[in-house]
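The values are calculated or read from the model by the stated rules, or taken from the named source; none is laboratory data. In this text, all values refer to a predicted model and were calculated from it rather than measured experimentally. Cβ placement follows ideal geometry from the backbone for every residue including glycine, while neighbour counts extend to all protein chains displayed.
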Amino acid sequence: MLIDGQLVESESGQWLESLNPADEQPIGRVPLATAADMNRAVAAAERAQPAWARLPIADRAASLRRLADAIDADAPALARLEARDTGNTVGTMLNDVKGAAERLRYAAGLGGELKGQTIPAVPGSLHLTMRVPYGVIGRIVAFNHPFGFAATRIGPALIAGNALVLKPSEQSPLSAARLAELCAATLPPGVVSIVTGARETGEALVRHPRVKRIGLIGSVQAGMAVQRAAAETAIKHVTLELGGKNPLVAFADADLDRVAKAAVDGMNFAWQGQSCGSTSRVLLHADIHDAVVERIVARVRALRLGDPLDPQTTMGPINSRAQFERVLAYIEAGRAQGARLATGGNRPRGAAFERGYWVEPTVFTEVDMSMRIAREEIFGPVLSVLRFRTEQEAIDMANDTDYGLTAAVWTRDIDRALRVAQRIEAGFVWVNGVGSHYRGVPYGGLKNSGVGREESLEEILDCTEEKVINILVAPESGAAA
């Protein structure tokens, strides 16, 4: 772990083992931190933060760029480590690593936007605002993009003048240990701490009274737990990027081949559907339903399962045994509730798949909104296809969940596209597109899918508090100069 600029073990001497999800073999271990370790990390962050905040923004930006350069230099090895630890394909993990370096530079470049304003006042008075750092920010990140999530959250916190204490997921923690080494080599001691461990480690961070700003990427259940725990020790600013049961809505005039490709791309099979933004519900107009389903199934059957380190592999194993069992339980629920299994639904055949957390990419049709697979986030390679006939029916189906992260609308009618995009309850809606994130565009959810926005200037501003300075100007004395 990284605490106060030093790479250290846990005070308890205990370790957390990480398994390769492709074959269930141990591939590494990280320290299992205690609450005492977390207290040390927060104390170090408090000591380091004032001097860091006093640095010119240009100097803070230069440190972030040095970290980005170090990540770029290590990108191929980091991608291989990520693929082994997560089960995600190596190509997508290389994109994650390179994207993390790019986003660090993006955050560094936005430092000059941390501006205040002047506000009109009565004569003899002047109001100024300024943005000040929280001090110590705590971040907890998910298992599906562990390095990308961890590294990109460093930039906004640090450019705004905060110190950061980061807790990675215990399900895929190895790249965080490598990130700790890179941070130790490029950043001042204490400015970033990376503390590995289990749920109790994260809870110690959330509950620490000196950590006034908390950010989580995770499930809705984890988000609710963080909100509860944070409120029990102090008044904290909490932002949450949570799950989704995201719809892709395709109308009768849409291009059938493009819709089918978007449905498979948007499901994010390259990381086994383990993405909160996956469009895991495909809503098809009745007139094109059968033709698009045929194309989707053909594309899904063409996916190549295998070693995540093989560049030709297009889908690897589920991340963990717990998640593997969860996915299988949802597949059984889909069968039991009457959905039609169009393809997949089993462990793939062959000696290479006898061990590990392997599930075939799965498509259900004849799904309706009474079924669990249509309403609950599975976080696995399971795509549900539903049928609609009217625009209003499509909107009602799209909105009939507690989630509201992303959505996609496919049509050649611009008026319909705008009507439907505005009425779907989601924080990010693609029109004739799917899955892409764009630098500088706010990303986050409505309803139970989260609070706050990231990947943009809004995330950086959200790492600061607004402070007002009121200046009373003395009246002229009337005396001669």
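Across region 8-31, the qualifying residues are those that are free of Cβ contacts under 8 Å to residues at least 60 places away in the same chain and among the charged types (D, E, K, R), and the one among them that is surrounded by the fewest Cβ atoms within 10 Å (Cβ to Cβ) is Glu17. Please specify each residue of region 12-30 satisfying the condition of being under 18 Å from Glu325 (Cβ atoms) and not in a strand (DSSP E or B). Selection gives Pro21, Ala22, Asp23, Glu24.
For region 279-311, which residues satisfy the criterion of being of a type in the set (Gly, Ala, Ser) and either in the same structural domain as Asn88 (by TED's automatic domain parsing) or in contact (Cβ under 8 Å) with a residue 60 or more places away in the chain (or both)? First the steps, then the outcome.
Residues of region 279-311 of a type in the set (Gly, Ala, Ser): 280, 286, 291, 298, 302, 306.
Answer for region 279-311, where residues must be of a type in the set (Gly, Ala, Ser) and either in the same structural domain as Asn88 (by TED's automatic domain parsing) or in contact (Cβ under 8 Å) with a residue 60 or more places away in the chain (or both): Ser280, Ala286.
Here Asp396 passes the criteria (1) under 30 Å from Gly345 (Cβ atoms); (2) surrounded by 20 or more Cβ atoms within 10 Å (Cβ to Cβ) except the one numbered (2). Would you confirm whether or not region 70-82 contains a residue that is touching a strand residue (DSSP E or B) at 6+ places or on another chain (Cβ under 6 Å) and crowded, with 19+ Cβ neighbours inside 10 Å? Within region 70-82, none of the residues are touching a strand residue (DSSP E or B) at 6+ places or on another chain (Cβ under 6 Å) and crowded, with 19+ Cβ neighbours inside 10 Å. Restricting Val385, Val409, Val434, Val451 to residues that are farther than 22 Å from Val293 by Cβ and out of contact with any Cys (no Cβ under 9 Å at 6 or more places or on another chain) narrows the list to Val451.
Of the residues Ala254, Ala260, Ala302, the single one that is of a type in the set (A, V, I, L, M, F, W, C) and surrounded by fewer than 20 Cβ atoms within 10 Å (Cβ to Cβ) is Ala302. From the list Val431, Val359, Val409, Val363, the one residue that fits, being β-branched (Val, Ile, Thr), surrounded by fewer than 23 Cβ atoms within 10 Å (Cβ to Cβ) and under 25 Å from the mean Cα position of the chain (by Cα), is Val431. Picking from residues in region 450-463 that are touching a strand residue (DSSP E or B) at 6+ places or on another chain (Cβ under 8 Å) and not in a loop (DSSP other than H, G, I, E, B), the one that is farthest from Ile159 (Cα to Cα) is Gly450. Just to be sure I understand the filter: pairs with C-beta atoms under 9 Å, separated by 6 or more residues or on different chains, first member in region 387-401 and in the same structural domain as Val420 (by TED's automatic domain parsing) and more than 16 Å from Thr279 (Cβ to Cβ), second member of a type in the set (Lys, Arg) and in a helix (DSSP H, G or I). Which pairs pass? Here the result reads Glu391/Arg416; Glu391/Arg419, each pair linking region 387-401 to a residue that is of a type in the set (Lys, Arg) and in a helix (DSSP H, G or I).
Of the residues making up region 223-270, those that are of a type in the set (A, V, I, L, M, F, W, C), over 29 Å from Gly91 (Cα atoms) and either free of Cβ contacts under 8 Å to residues at least 24 places away in the same chain or in a loop (DSSP other than H, G, I, E, B) (or both) number 8.
Does Ala230 satisfy being more than 16 Å from Asn144 (Cα to Cα), in the same structural domain as Arg213 (by TED's automatic domain parsing) and crowded, with 23+ Cβ neighbours inside 10 Å? Against the criterion (more than 16 Å from Asn144 (Cα to Cα), in the same structural domain as Arg213 (by TED's automatic domain parsing) and crowded, with 23+ Cβ neighbours inside 10 Å), Ala230 qualifies.
Go through region 298-342 residue by residue and tally those that are among the polar types (S, T, N, Q) and over 22 Å from Glu376 (Cα atoms).
Let us first name the residues in region 298-342 that are among the polar types (S, T, N, Q), namely 312-314, 319-320, 323, 337.
Imposing the further condition that a residue be over 22 Å from Glu376 (Cα atoms) reduces the set to 312-314.
Counting residues in region 298-342 that are among the polar types (S, T, N, Q) and over 22 Å from Glu376 (Cα atoms) gives 3.
Taken over region 164-183, the residue count meeting the criterion of being in contact with a Ser or Thr (Cβ under 8 Å, 6 or more places away or on another chain) and outside any helix (DSSP H, G or I) is 9.
Where strands (runs of 3 or more DSSP E) sit wholly within region 336-447, those with at least 1 residues that are touching a Leu at 6+ places or on another chain (Cβ under 6 Å) and farther than 25 Å from Trp271 by Cβ occupy 382-388.
Which one is nearest to the chain's Cα centre (by Cα) among residues in region 83-96 that are among the aliphatic types (A, V, I, L, M) and surrounded by fewer than 23 Cβ atoms within 10 Å (Cβ to Cβ)? Spell out how you get there, then give the answer.
In the first step, residues of region 83-96 are kept if they are among the aliphatic types (A, V, I, L, M); the result is 83, 90, 93-94.
Checking the rest, the ones that are also surrounded by fewer than 23 Cβ atoms within 10 Å (Cβ to Cβ) come to 90, 94.
Numbers: Val90: 18, Leu94: 16 Å.
Residue satisfying both the conditions and the ranking: Leu94.
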